[in-house]
Amino acid sequence: MGVDLKDIIAKNEIELAKLNGKAISVDALNALYQFLAIIRQRDGELLKDSTGRTTSHLSGLFYRTINLLELGIRPVYIYDGRPPQEKIDTLRQRQEIKDSAKKKAIRAKVEGREKDYVKFSQQVLHFSDEMLKESKELLRLMGVPFIDAPSEAEAQASHMCSMDPRVYAVASQDYDSLLFGAPVLVRNVTITGRRKMPGKNVYREVVPESIVLAEALAALGIGREGLVEIGLLIGTDYNEGIKGIGPKSALEIVKADRFDEYGIEERLKDLFLKPDVSDNFSFSFKLPDEDALYSFLCDEREFSRLRVERAMDRLKKGIEGVTRQETLDQWF
Amino acid sequence: MFEAKIEAKNWKNIISVIGSIIEEAPLRIDKDGLTLRAMDPSHISLIDLEVPKDQFIDFSVDSDRVIGIDVEEMSRVMSRGKPTDMMLIKADEDNNKLFVTFIGESRRRFGLPIIDTPEQSNLKLPDFPTNAIIGIDASLFKDGIKDASIVADHITLEAKNNSFIMRAEGDIGDIETKIEKSSLVELKLEEECKSTFNLSYLADVSSSINGPITLELGNDSPILMNFEIGGATIKFVLAPRIER
């Protein structure tokens with residue numbers, strides 16, 4: 001979900017290799033949702049073990065994290081804490097959309113409309129507490145750090161990016177972290193590569209993008225508070241926005257200093273400008289617990305042993321790489 | 001047009017050493033032979049490989065070209081070759097295919113896709129200070145690596161006082177291998193030096209080496225390993241681990 005700023009914010013394509021040696025704070029739930037949406041069997045069904053447990057999110061988390069580590073990128077996953085009260089209404093609405101999509105998906109399946117089934121079932125994506133818990137367990141076994149945010153993950157991720165020189169960017173598909181003040185936002189980082197379009201036999205190349213907050217603000221001719229105002233005008237996770245106002249007209253309103261005319265509560269701004277975040281964070285990478293990983297992935301969830309073995313080697317090298325290993329880059 | 005004939009076991013060894021570093025290899029072919037220079041995705045190691053034309057039994061190419069191969073697929077094919085087989089490599093670039101034919105009691109032809117893998121064409125060899133040159137037999141070196149793997153995931157290589165020392169320290173214990181100059185192929189020591197390296201890179205690369213290895217070692221700098229495999233002359237460079 002999040003605030004939709006893509007029409008007014010310029011982005012640059014980047015190569016992941018450019019992030020070599022840098023840490024990124026990843027909105028964990030955002031990444032896990034992406035995995036659920038795109039990591040599917042040929043027929044559009046989620047990956048599952050033989051007991052019916054979904055494993056798409058774990059498959060994505062495992063293999064995609066290794067891809068990043070292999071490039072010398074240090075992902076730190078940030079999990080949501082308690083959402084602000086204002087978000088709870090939004091969450092309730094999302095649930096209603098999901099309930100409706102679920103009915104449509106079931107009907108499509110019964111009537112044999114494959115494409116519709118895939119489309120609607122992707123909207124149903126549900127994340128259970130158990131799935132969150134096992135994703136953390138997987139990260140722990142892999143030796144990859146995660147942090148529980150006091151409230152919004154994107155706020156904490158943005159805060160870490162501002163505070164800790166090691167953290168170069170926030171990784172999320174949403175633009176909210178710009179409102180939270182992340183100096184750099186990177187998108188598509190965990191889903192880079194060839195991606196099959198849902199319901200079609202077409203592939204699209206997903207390329208990582210980078211948005212530098214200072215550059216984006218300069219290009220728009222506004223400050224961060226102005227960007228928050230734009231967000232509130234078009235709608236965020238905390239408010240519905242003003243009907244009929246899109247990003248472009250919102251930009252005009254903010255530049256003309258007419259935000260106050262729309263009756264949006266000032267205190268909503270503070271949810272972005274002064275979010276509930278913690279200074280008390282630390283993160284480090286450890287070598288993976290190999291035996292426990294094999295048991296978690298292969299024995300309990302029926303991942304292909306051969307594939308996991310190959311990935312394990314890359315994981316070990318990757319972790320080693322991001323801890324004390326130098327690269328050759330400085331010797332050319 | 002590119003066509004070459006080589007002993008299957010030689011090509012298998014060459015592919016095996018490439019596969020220990022990279023998954024996709026842009027092979028450069030010109031009238032002098034075959035070359036490859038590439039870094040692994042994390043930029044921790046580099047391989048520079050050269051198979052001169054005269055190491056092939058037959059070798060013909062009409063113009064310079066780069067042929068990208070999936071190394072894992074290729075090694076899977078190579079595992080099907082028999083030790084006494086001859087091997088024919090032929091590129092059919094119009095159809096994006098590389099044909100590998102094993103010639104023994106039968107002719108077995110495998111078609112593999114030529115993949116699009118960017119050549120790191122401007123890649124130079126890294127430049128770093130070296131304080132010692134150590135010539136060592138592969139079996140001695142591999143023993144030191146295997147011993148170290150029991151206790152740790154990294155190893156310190158040190159040259160001093162007319163000897164070469166391989167040392168590792170881990171949670172469960174430590175191990176030291178000391179090789180005197182008399183047991184080495186050569187030892188040129190300008191200055192005492194030591195650097196620490198990731199064991200898995202060294203183990204993977206050295207596993208297919210049989211002859212002598214020449215190491216160029218410095219202080220907290222990369223190591224350069226020179227060796228030959230299956231008629232290929234190979235330089236392998238590995239960045240150090242720095243304790244901090």
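The values are calculated or read from the model by the stated rules, or taken from the named source; none is laboratory data. All values derive from a computational prediction rather than experimental measurement. Neighbour counts are summed over all protein chains in view; Cβ atoms, including those assigned to glycine, are modelled from backbone coordinates with ideal geometry. Ligands, DNA and RNA are excluded from the accessible area calculation, which covers all protein heavy atoms including side chains. Shrake-Rupley method; radii C 1.70, N 1.55, O 1.52, S 1.80 Å.
With the structure loaded, tell me whether residue A:185 is surrounded by 14 or more Cβ atoms within 10 Å (Cβ to Cβ), in a helix (DSSP H, G or I) and among the aliphatic types (A, V, I, L, M) or whether it fails that test.
Values: surrounded by 14 or more Cβ atoms within 10 Å (Cβ to Cβ): yes; in a helix (DSSP H, G or I): no; among the aliphatic types (A, V, I, L, M): yes.
The answer is no for residue A:185.
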Consider residue B:123 against the criteria (1) hydrophobic (A, V, I, L, M, F, W, C); (2) buried (at least 16 other Cβ atoms within 10 Å of the Cβ); (3) in contact with a Lys or Arg (Cβ under 6 Å, 6 or more places away or on another chain); (4) within 14 Å of chain A (Cβ to nearest Cβ): it satisfies all of them except one. Which criterion is unmet? (2)
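Does the stretch A:47-88 hold any residues that are aliphatic (A, V, I, L, M), free of Cβ contacts under 8 Å to residues at least 40 places away in the same chain and under 20 Å from residue A:301 (Cβ atoms), and which are they?
If we filter the stretch A:47-88 for residues that are aliphatic (A, V, I, L, M), which is where we start, we get A:47, A:58, A:61, A:66, A:68-69, A:71, A:73, A:76, A:78, A:88.
Among the residues that remain, those that are also free of Cβ contacts under 8 Å to residues at least 40 places away in the same chain are: A:47, A:88.
Once the filter is applied, which keeps residues that are aliphatic (A, V, I, L, M), free of Cβ contacts under 8 Å to residues at least 40 places away in the same chain and under 20 Å from residue A:301 (Cβ atoms), the stretch A:47-88 yields only A:47.
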Filter the stretch B:208-218 down to the residues that are within 13 Å of chain A (Cβ to nearest Cβ) and either in a strand (DSSP E or B) or at pLDDT below 95 (or both) and list them by number. B:216
Whether any residue in the stretch B:33-48 is in the same structural domain as residue B:80 (by TED's automatic domain parsing) and over 28 Å from residue B:221 (Cβ atoms) is what I want to check. yes
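Out of everything in the stretch B:22-38 that is within 14 Å of chain A (Cβ to nearest Cβ) and open to solvent by 20 Å² or more (accessible area, probe 1.4 Å), what residue ends up being farthest from residue B:79 (Cα to Cα)? Write out each step before concluding.
Step one: of the stretch B:22-38, the residues within 14 Å of chain A (Cβ to nearest Cβ) are B:22-24, B:37-38.
Then drop every residue that is not open to solvent by 20 Å² or more (accessible area, probe 1.4 Å), which leaves B:23-24, B:37.
On the way: B:23: 16, B:24: 18, B:37: 24 Å.
Out of the qualifying residues, it is B:37.
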Subset tally (residues that are at pLDDT 95 or above and outside any helix (DSSP H, G or I)) for the stretch B:3-24: 5
Failed condition for residue A:211, given (1) of a type in the set (Val, Ile, Thr); (2) touching a Lys or Arg at 6+ places or on another chain (Cβ under 6 Å); (3) surrounded by fewer than 17 Cβ atoms within 10 Å (Cβ to Cβ): (3)
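Identify the residue in the stretch B:39-57 that is under 15 Å from residue B:232 (Cα atoms) and open to solvent by 30 Å² or more (accessible area, probe 1.4 Å) and, among all such residues, is nearest to the other protein chains (Cβ to nearest Cβ). Can you show your working first?
To start, the set of residues in the stretch B:39-57 that are under 15 Å from residue B:232 (Cα atoms) comprises B:47-57.
The next check asks that each one be open to solvent by 30 Å² or more (accessible area, probe 1.4 Å); those that pass are B:50, B:52-55, B:57.
On the way: B:50: 19, B:52: 26, B:53: 29, B:54: 31, B:55: 27, B:57: 33 Å.
Step by step, filter the stretch B:39-57, then rank; the result is B:50.
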Can you list the helices (runs of 4 or more DSSP H) found entirely within the stretch A:247-327 that contain at least 3 residues being open to solvent by less than 90 Å² (accessible area, probe 1.4 Å) and closer than 30 Å to residue B:195 by Cα? A:305-323
Residues in the stretch A:278-332 that are within 14 Å of chain B (Cβ to nearest Cβ), under 18 Å from residue A:145 (Cβ atoms) and of a type in the set (Gly, Ala, Ser): how many? 3
Is at least one residue of the stretch B:182-204 in a strand (DSSP E or B), among the polar types (S, T, N, Q) and open to solvent by less than 10 Å² (accessible area, probe 1.4 Å)? yes
